[in-house]
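Trainee: Supplied in structure tokens, the structure appears directly below.
The values are calculated or read from the model by the stated rules, or taken from the named source; none is laboratory data. What you see is a predicted model, and the numbers here were worked out from it, not measured in a lab. Note that we place each Cβ from the backbone using ideal geometry, even for glycine, and neighbour counts take in every protein chain shown. In case anyone asks, the SASA skips ligands and DNA or RNA and just uses the protein heavy atoms, side chains included. Shrake-Rupley method; radii C 1.70, N 1.55, O 1.52, S 1.80 Å.
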Amino acid sequence: MRWCSKAHWLLFSFFLSACGGLDEEESMLIFSENYDFSESDHGWTYGFADYPAAPEDSAQFELKYAYTDQPESLLTKRSVMLSGKNVNQDLFMFLKKRIEGLKPGTEYTITFNVEVASKCSSVTTTAPGAVYLKAGAVNAEPVSVVRSGYHVMNIDKGNGDSAGGDVTSLGELSTTESNTGYVLLTRNNAMANSRYVARSNSEGKLWLIIGTDSSLGGTTTLFYTRINVVFSSIPGI
């Protein structure tokens, strides 16, 4: 069973017209995509940025990706794992996926809801720094490119806890647990002051990107378990 829903539209014309709101041509459209990684990886791919391009230097970062089982401390399910040794305390690790079937050249308000297993405990760690979860939607593929001897993103992701022009920050991934095991965390931008808007390209496509911007030294290993993305738009606005 594939838990990831295909593109589906919910038209609220009847409700809005009954309430004296928008007419039928201006009705709000809502499009939702849900990805439960216990079923499959759903075509998400991965990448890393903010680390040296020279092989002898990049090898120190021990970058890893796997579609694998969650840690034993959690329920036994499959998940998407990203891991890296943050040698320069600036590592960016991300997942991305192309979305099709949107209305071309249309602005969408997007809500991200991400579930991830982390053991970055704010109680037990003595290392300075933090791991920040970020999310965005861009109309060209986000990739890591080499500039001035470094792998960097071709989009504006901001740095640290700061949002960039292309992504929003969903918050820190440190847990409040005193043990050293993994804990499931959920982060989103559902608050009113966290509104995120992206415009689809001329072909009705967007690229989703979910990633972590880390200033925490040492190795960070995260297990993504579920991603939900909701798009909403009002035609003509």
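Trainee: Show which lysines lie in cross-link reach of K119 when reach means a straight Cα distance below 21 angstrom and same-chain residues fewer than eight apart are skipped.
Mentor: Candidates past the 8-residue exclusion: K64, K77, K85, K134.
Trainee: Starting from the Cα of K77, step 7 Å along the direction of its Cβ; do the same at N34; then give the gap between the two resulting points in nm.
Mentor: About 1.2 nm, to one decimal.
Trainee: Report the full-extension gain for the segment M191 to D90: residue separation times 0.36 nm, less the Cα-Cα distance, to one decimal in nm.
Mentor: 33.6 nm
Trainee: Please list I155, I227 from largest to smallest accessible area, probe radius 1.4 Å, with all protein chains kept in place.
Mentor: Accessible-area ranking of I155, I227, largest first: I155, I227.
Trainee: Give me the extension gain from K205 to S148: residue separation times 0.36 nm, minus the current Cα-Cα distance, reported in nm with one decimal.
Mentor: In short, 17.4 nm is gained.
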